[in-house]
Amino acid sequence: MPSVRRTLLPAHQHNHDGPLPVPLTFEMKDRDQMGHASPRSSSSLSLRRFLAIFSIVARLRRIGLLGLEIFLPKPSSRKRWRPPLTWSYCKRALLRFFFFFLLGFLLAISPFFDIGFESSLTSTIWPTTQHPLLSRSEISSARRELGTIFSPLSAQSELKEIAVMPVTGSKLLIIVTPTYNRALQSYYLHRLGQTLRLVPPPLLWIVVEMESASEETADVLWKTGVMYRHLVCKKKSNEVKDRGVHQRNTALQHIENHHLDGIVYFADDDNIYSLQLFSKLREIRRFGTWPVAMLVQSKNAATVEGPVCNGSRVIGWNTNERSKRLRRFHVDMSGFAFNSTIIWDPKRWYQGASASARQLDTVREGFQETTFIEQLVEDESQMEGLPRCCSKIMNWHLHLEARHLVYPKRWQVSSNLRQDQ
């Protein structure tokens, strides 16, 4: 009779701490019977190999040599709590979804909008009306710094609200105007102020007086609605040869001290200017010039003084006055403009630039323009003719001053005018 031999589990003979000792015992038994070619070994070979591999993987995982925690997580006996699926729960989920969806949509389209947060070198303040004015705080700070800003108390009370000036990409126009007390001063300043009021911003009007700032001039400037700075040249009129030279130098010193970045233009109050001139000024890169129509002293003819251009290149000069033919550049004071950085950063343009360009009071009358321009440029190659081919007259220099007329204080009479019977 055949007998069946059972193999006992020698648990006490194997000193190991594996969680599955049975597959290892089967493996040892199979190893002992390999030489006898048992028929059971061939049929269960694949199962035993699988169990052996699983035992090795379990051992490596136990000692920490195999990072299978992600794929073989330890079973947790604690059941995860899930909220009941109610309408309030769904509504909160939908609200959160739409909120974050809207937030992401707004963030995605935000680069396509111009927010307008830009900075400028000069901080400018406008009133709530259409055109700029200086605020009370700006006038006070400028008075403390320069000692030359003046504004009437009556005009200060008219400014109620201020707003920030809109930022534009245009160049700042710095218009310098020397003035003095005379009969037609109010008319000239009002006319020039109304012209500048039509020029698109940014624009700064620097008006310079001699010795002291008059209340009449300050009142006129305030009412024009143009952003301005009222400066005073401290020199006495009877001690200088040319009043206008020192007034313009005062404005140039102010531009240099404050590093105003823009196009500087000397505009006398008695000249006539077209709006096209101010639009062309913003096209200047370094130094621009153009022809000026001038009324001769006899008032019976007009002449043209300024450059002769081939396109925008200056190739010659127009002049009709023999006494001025020795000048290097035949330009009227209102017939050129330049970049203000030449004043406070001359090395940016060329090494031979003057450290501090100023007009000279020691030269003969009529030579102030050419001696000043020689400090800004070397020759005509550094000039730009405006407009193209210098084909248009954009401003007129007229000699219509009434020298022997007097005017009442503040342009007001103390009593009513009466008609004689």
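The values are calculated or read from the model by the stated rules, or taken from the named source; none is laboratory data. Keep in mind that what you see is a predicted model, and the values were worked out from it rather than measured. Every residue, glycine as well, gets a Cβ built from its backbone with ideal geometry; the counts of neighbours run over all protein chains shown. Just the protein is used for accessible areas: all its heavy atoms, side chains included, with ligands, DNA and RNA removed. Shrake-Rupley method; radii C 1.70, N 1.55, O 1.52, S 1.80 Å.
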Modelling each spin label as a point 7 Å along the Cα-to-Cβ direction, I'd like the residue 54/residue 382 distance in nm, to one decimal.
9.3 nm
Sort 247-256, 383-392, 86-95 by packing, meaning the average of other beta carbons within 10 Å per residue, with the highest value first.
247-256, 383-392, 86-95
Which of the residue pairs 234/392; 280/347; 171/347 have a Cα-Cα distance greater than 27 Å in the structure shown?
234/392
Can you tally the net charge around residue 201? Count Lys and Arg as +1, Asp and Glu as -1, for every other residue whose Cβ sits under 14 Å from the Cβ of residue 201.
+3
Give the shape of the range 181-264 as rounded, prolate or oblate, defined through the alpha-carbon gyration tensor: a ≥ b ≥ c are the square roots of its eigenvalues, a/c under 1.5 means rounded, and otherwise the shape is prolate if a/b is larger than b/c and oblate if not.
oblate
Distance in nm between residue 183 and residue 324 label points, each 7 Å along Cα→Cβ, equals 2.6 nm
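Applying a 10 Å radius around every beta-carbon, put 264-271, 191-198 in order of their mean neighbour count, most first. Mind showing how you got there, number by number?
Numbers: 264-271: 21.4, 191-198: 17.6.
Top to bottom by mean Cβ count within 10 Å: 264-271, 191-198.
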Ignoring any ligand, DNA or RNA, what whole percent of the accessible area of the range 192-295 comes from carbon and sulfur when the probe is 1.4 angstrom?
46 percent
Obtain the nm distance between the two label points defined at residue 89 and residue 258 by a simple spin-label model: each point lies 7 Å from its Cα along the Cα-to-C-beta direction.
6.8 nm
Work out the length of the dipole vector of the range 363-402 about its Cα centre, built from +1 on the beta-carbon of each Lys and Arg and -1 on the beta-carbon of each Asp and Glu, and round it to the nearest 20 debye.
260 debye
What FRET efficiency, computed as 1/(1 + (r/R0)^6) with R0 = 45 Å and r the Cβ-Cβ distance, is obtained for residue 240 and residue 109, rounded to the nearest 0.05?
0.10
Gain in span if fully extended, residue 285 to residue 170, counting 0.36 nm per residue against the direct Cα distance
40.2 nm
Go through 337-343, 99-105 and give me the packing order, highest mean Cβ count within 10 Å leading.
337-343, 99-105
Counting only residues 5 or more places away or on other chains, whose amide H sits under 5 Å from the amide H of residue 173 once H atoms are built in the peptide plane?
203, 204, 263
